[in-house]
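First the structure, in the form of structure tokens, and then the observations on it.
The values are calculated or read from the model by the stated rules, or taken from the named source; none is laboratory data. Because the structure is a prediction, the values reported are computed rather than measured. Quick reminder, even Gly has a Cβ in these numbers, built from the backbone with ideal geometry, and neighbours come from all protein chains shown.
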Amino acid sequence: MFETLKPVGMDPILGLMAAFRADSREQKVDLGVGVYQDDRGRTPVMTSVKEAEAKLMELELTKSYQGIAGDPDYNARMLQLLFGADHSILSSGRVKTIQAPGGSGALRVGAEVIQRATPNAKLWVGVPTWPNHIPLLGSAGFEIKEYPYYNLATDEINSDAMMETLRQVPAGDMVLLHGCCHNPTGADLSHEQWDQIADLALERGFIPFIDTAYQGLGNGLNEDAYGMRMMADRLPELVIASSCSKNFGLYRERTGSITFIAENSQQVDIVASQAMSIARQIYSMPPAHGALLVSLILGDDQLRANWQAELEEVRLRIKSMRSLLTSSIQGNSAGVDFSHIEQQNGMFSFLGISSAQLERLREEFGIYIVSSTRVNLAGINSSNIGYISESMNTVLK
Ligand SMILES: Cc1ncc(COP(=O)(O)O)c(C=O)c1O
């Protein structure tokens, strides 16, 4: 039977990673892959995570099945992390969180639940968005529609065009929003834009589906949660997929959660039961290890303080790499303006250079960047910034 199958092409980012690995040049630089790297180019295990792992070794008495919703402590603590301990939604009875295999698993379970509730709902995604949103959510059955998000010519959110399109979204459709640190553009909604979208959701009757994969990497744990906290205050229904891959550095442990807010507690219980039945059909139960670590960290004052300090270091390092890159290429002889890089948030921004310039960077200098010109700012460090800016200034001439 397998002779009927055709090979599927490699994801362009994975292809770029393979080409990078095969490149024997010593000075090569990877600005493509979407993981955090420290100043030595490593993606280390956070010290707080290591401490939690040591604690878990002592505390863990069984590897028996945990249950479809995962660890109840993790779910409760994730809710507090997302909304803040004092948010009124926590005592409203209208919210439920279920552990999921990473942000991707959370997005998929959320999408399947929405499909069951409203099979004809369309999903509106900003252009551009994280490329995997389309297959991940589209294959749950959504018809995908687009709204303009980023203007490459001005390096800003295309606010007027975005609002104009969102004003046409029919009641019952879903609108995908990035909670913070927009991937791939780094351009986040301002508080005012979040408020305007909430106004439109109330007016039109569409429902936001928020993907928050970088809480704490933009402007801080609370600041990065503005949109979802405000929407949880104002809207009757909301779906939030969250990931601990980046802010806890737990990538391969597949740790995330899917959160539903419904009009009342009976409804949210039904939604949660549907989410669990979907999880049961796909993977049965989420992996435990990462969630147990997050739960231990968030439930212990000292571990939590250590983790927050480490996360803050990550956030500030990315910010300083943004400033460093901007200042070192801003004076280029072609007069190209890169000031947006310094102002944007999270790991990614578009360089906005031509594909010929991108190719020269790869071929001549061994600097690997994905074709959209999205760069991972965390791939820059004190050892390679000189080389990157020299190479950039050469190709920009
Ligand atoms: C915007 C966005 N959402 C979701 C994810 C998925 O994260 P996870 O690795 O936890 O599945 C990513 C990962 O890069 C992302 O950038």
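Filtered by the rule that a residue be in contact (Cβ under 8 Å) with a residue 24 or more places away in the chain and under 13 Å from residue 219 (Cα atoms), the stretch 313-335 gives 314, 315, 317, 318. Being within 25 Å of residue 315 (Cα to Cα) and at pLDDT below 95 is a property that residue 84 lacks.
Screening the stretch 116-134 for residues that are under 24 Å from residue 266 (Cβ atoms) and either in contact with a helix residue (DSSP H, G or I) (Cβ under 8 Å, 6 or more places away or on another chain) or hydrophobic (A, V, I, L, M, F, W, C) (or both) and picking the one that is nearest to the ligand (Cβ to nearest atom) gives 121. Looking at this structure, is residue 34 among the small types (Gly, Ala, Ser), on the phi > 0 side of the Ramachandran plot and touching a residue at least 12 places away in the same chain (Cβ under 8 Å)? Answer is no for this residue. Out of 125, 113, one residue alone is under 29 Å from residue 152 (Cβ atoms), assigned by TED's automatic domain parsing to the domain that holds residue 186 and not basic (Lys, Arg). It is 125. Pairing residues of the stretch 1-29 that are assigned by TED's automatic domain parsing to the domain that holds residue 384 with residues that are outside any loop (DSSP other than H, G, I, E, B) and of a type in the set (A, V, I, L, M, F, W, C), at Cβ distances under 7 Å and at least 6 apart in sequence or on separate chains, gives 28/20; 29/367; 29/388.
Of everything in the stretch 250-292, what is surrounded by 17 or more Cβ atoms within 10 Å (Cβ to Cβ), assigned to a loop (DSSP other than H, G, I, E, B) and more than 12 Å from the ligand (Cβ to nearest atom)? Give them in sequence order. Listed by number, the residues that qualify are 262, 288.
Only one of the numbered conditions (1) closer than 30 Å to residue 291 by Cα; (2) buried (at least 16 other Cβ atoms within 10 Å of the Cβ) is not met by residue 132, and that is (2). When residue 247 is tested against (1) free of Cβ contacts under 8 Å to residues at least 12 places away in the same chain; (2) in a loop (DSSP other than H, G, I, E, B), exactly one condition is not met: (1).
Of the residues 192, 237, the single one that is under 17 Å from residue 260 (Cα atoms) and either more than 13 Å from the ligand (Cβ to nearest atom) or in contact with a His (Cβ under 9 Å, 6 or more places away or on another chain) (or both) is 237.
Per the listing 109, 113, the residue uniquely within 14 Å of the ligand (Cβ to nearest atom), of a type outside the set (Lys, Arg) and at negative phi is 109.
Note on the stretch 51-84: among residues that are within 23 Å of residue 308 (Cβ to Cβ) and aromatic (Phe, Trp, Tyr), the one that is surrounded by the most Cβ atoms within 10 Å (Cβ to Cβ) is 74. Residues in the stretch 62-93 that are of a type outside the set (A, V, I, L, M), closer than 20 Å to residue 224 by Cβ and in a loop (DSSP other than H, G, I, E, B): 84, 86, 87.
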